[in-house]
Amino acid sequence: MLEREGIPIGVVEKIAAPSTLRLQLTGVGGHAGAMLMPERHDALLAGAEIALAVEQAVLTSGSADTVGTTGVFRIEPGAVNSVPCRARLEIDLRDTRVSTRDAALARIEAAVEQVCGRRGVSFQLERLNVDAPALCDPLLVQTVADVCAELQLPAKRMVSRAYHDTLFMAQVCPATMIFIPCRGGVSHRPDEYSSPEQIRRGVEVLALMLGRLARDRR
């Protein structure tokens, strides 16, 4: 967003609340040629329906900040001529609002039960975490904005959908984050790139912000 809009600094106001589901599906395996289609209880196909249900729950949540990802999908036995008997899925769901995040979470869990019941596949569903979102400290947010104005750097107030350590630090102390553009919007990947100038601007904003906070709290 920062790169597309030509804005050098992002000021984070809210951090999305993540939740993680782990799902184990157990169907019936067998030889691909020997098992007729009406008799199958395919764990992969049940998992595929559930992954699509995750996407649908997110798209219909009513919040633009809801995102869902089926980032793990492993099957057994993993042979081209074997009907998958087991599948393991891990699902990441997050939003800045607990209400829409939890509503989407409930729809996904209901879809798991419905899909598995229809396909004759058993399941074990575990919530690994259901964290609360964080509102960043208004004073820190405003301080970053004031520093950007002093430096004549355009700034955009933003939501962080990646929670970093700041989500948890915000539970014990005032917190915010300063964002800078990444080429193509790519982050958390080996090919992430920000130019030295973009990094310099971010460091300058951070340094002046810390100096101002230290001065004002003497």
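Between Arg22 and Ala162, what is the label-point separation in nm under the 7 Å Cα-to-beta-carbon projection? Computed distance between label sites Ala162 and Arg22 equals 2.4 nm.
If we count every other residue with Cβ under 15 angstrom of Cys148's Cβ, Lys/Arg +1 and Asp/Glu -1, where does the sum land? Around Cys148, the surrounding residues sum to 0.
Counting only protein heavy atoms and a 1.4 Å probe, tell me what percentage of the chain's accessible area is made up of carbon and sulfur. Ligands and nucleic acids excluded, carbon and sulfur reach 55 percent.
For the peptides 170-178, 44-52, residues were scored by their other Cβ atoms within 10 Å and the scores averaged per peptide; the highest-first order is 44-52, 170-178. Positive end of the dipole of the chain (Cβ unit charges, origin at the Cα centre): among Pro8, Val141, Ser61, the Cα lying farthest that way belongs to Val141.
Each Lys and Arg contributes +1 and each Asp and Glu -1, all at the Cβ; summed about the Cα centre of segment 1-92, the dipole is approximately 300 debye. Residues of segment 1-39 with an amide N closer than 14 Å to a point placed 7 Å from the Cα of Asp92 along the Cα-to-Cβ direction: 16-22.
Axis of helix 196-216 versus longest Cα principal axis of the chain: the two differ by about 60°, to the nearest ten degrees. Summing charges over neighbours of Asp92, with a neighbour being any other residue whose Cβ is under 15 Å away from its Cβ, gives -2 when K and R count +1 and D and E count -1. Rolling a 1.4 Å probe over the heavy atoms of the protein chains gives the chain an accessible area of 55 Å² per residue. Rounded to the nearest 20, the Cβ-based charge dipole of the chain about its Cα centre (Lys and Arg +1, Asp and Glu -1) stands at 180 debye.
In terms of the mean number of neighbouring beta-carbon atoms within 10 Å, the peptides 66-75, 9-18 order highest first as 9-18, 66-75. With contributions of -39500 (n - 2.57) from each DSSP H run of at least four residues, the per-residue ellipticity at 222 nm computed over the chain stands at -12000 deg cm²/dmol. Spin-label model, Asp146/His188: points 7 Å from Cα along the beta carbon direction are separated by 3.3 nm. Distance from a point 7 Å along Cα→Cβ of Leu135 to each backbone N in segment 160-179: keep the residues under 19 Å and list them by number. Of the residues in segment 160-179, 160-161, 166-177 have backbone N under 19 Å from the label point off Leu135.
Helix 43-59 and the longest principal axis of the Cα set of the chain meet at an angle near 40°. From the coordinates of this entry, Cα extents along the principal axes in Å is computed, and it appears in [x] 75, 33, 26; [y] 42, 41, 41; [z] 57, 49, 23 under the label [x]. Axis angle, to the nearest 10 degrees, between helix 98-119 and the longest C-alpha principal axis of the chain: 10 degrees.
The values are calculated or read from the model by the stated rules, or taken from the named source; none is laboratory data. Being a predicted model, the structure only gives us computed values, none of them experimental. So basically every Cβ, Gly included, is an ideal-geometry build from the backbone, and we count neighbours across all protein chains shown. Calculation scope for accessible area: heavy atoms of the full protein, side chains included, ligands and nucleic acids excluded. Shrake-Rupley method; radii C 1.70, N 1.55, O 1.52, S 1.80 Å.
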